[in-house]
1. For residue 160 and residue 184, what is the calculated FRET efficiency with R₀ set at 30 Å and r taken between the beta-carbons, to the nearest 0.05?
2. Give me 256, 35 ranked fewest to most by other Cβ atoms within 10 Å of their Cβ, as a rough exposure proxy.
3. Only residues of the range 111-136 count here: report those whose backbone N is under 15 Å from the spot 7 Å along Cα→Cβ of residue 211, or say none.
4. Write down the percent of antiparallel bridges among all DSSP beta bridges whose residues are both part of the chain, to the nearest 5.
5. Could you work out [θ]222 nm for the chain from helices alone, using -39500 (n - 2.57) per DSSP H run of at least four and dividing by all its residues? Round to the nearest 500 deg cm²/dmol.
6. Need one word for the range 34-257: rounded, prolate or oblate. Basis is the Cα gyration tensor (sqrt eigenvalues a ≥ b ≥ c); a/c below 1.5 gives rounded, then a/b vs b/c decides.
7. Give me the percent relative contact order of the chain, please, defined on Cα pairs under 8 angstrom at least 6 residues apart.
8. Mind jotting down the distance between the C-alpha centroids of the range 114-137 and the range 4-43, whole Å?
Ligand SMILES: [Fe+2]
């Protein structure tokens with residue numbers, strides 16, 4: 001497979017070469033962390049099936065070197081994740097899935113949890129969001145942005161079967177994700193398979209799968225027609241909803257209703 005140039009879509013001098021990133025000028029190489037089959041076993045629909053040793057690659061804190069200070073000062077981190085295309089039995093390759101903790105000092109009607117924003121750079125993504133009473137699925141293609149809403153656990157699926165998924169995220173770097181609930185329940189509430197969504201029986205009754213589309217939301221500083229790396233560097237204050245979500249509760253509601 002030829003090298004795929006991701007500069008136009010991401011606004012970073014990066015290329016995809018098989019299942020890894022090549023970093024161009026103005027960047028230092030980031031060494032990825034691999035999520036292993038062994039670690040994924042508790043959340044797989046078909047743990048007994050054959051699978052590759054590595055499921056996906058996480059490049060944390062990716063940046064143009066001269067942007068690092070601005071990114072740090074604005075309480076942000078930019079990551080890139082690569083999910084190769086394969087099946088484990090009938091289940092598509094996916095991330096482990098996790099929840100974000102509650103923002104300290106928020107409670108009752110004002111309680112909120114750290115959000116996150118995802119962007120597809122190559123391939124196709126299904127972003128699965130669950131909070132017990134709702135199960136949302138974003139169907140996203142290159143350029144699309146999807147907000148991981150406060151309080152929703154989230155899992156990324158590569159539903160292509162053929163093409164690697166390359167995706168980016170902006171996130172507040174000051175919290176640790178919680179993998180426990182999804183690990184205890186053996187995966188998300190629904191598994192995505194070649195035959196469609198299959199309910200995970202370890203949960204109680206599952207809410208219906210609700211398909212939602214990636215939408216522009218200028219109030220949060222992004223659009224599906226522009227790379228979000230560039231938008232945040234040009235106007236980091238517009239991305240403060242990632243580090244101080246408690247000040248943006250009305251906008252999260254509006255985003256959901258758009
Ligand atoms: Fe997350």
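Throughout, read-outs are computed from the coordinates displayed, never taken from laboratory work. The structure presented is a predicted model; accordingly, all values stated were derived computationally and were not measured. Using ideal geometry, Cβ is built from the backbone for each residue, glycine included, and neighbour counts are taken over all protein chains shown.
1. 0.55
2. Ascending number of Cβ neighbours within 10 Å: 256, 35.
3. Under 15 Å, as judged by backbone N against the label point of residue 211, lie 125-128, 136 of the range 111-136.
4. So the antiparallel bridges in the chain amount to around 95 percent.
5. Result for the chain: -3000 deg cm²/dmol, rounded to the nearest 500.
6. prolate
7. Contact order relative to length: 21 percent.
8. A separation of 19 Å, based on Cα centres.
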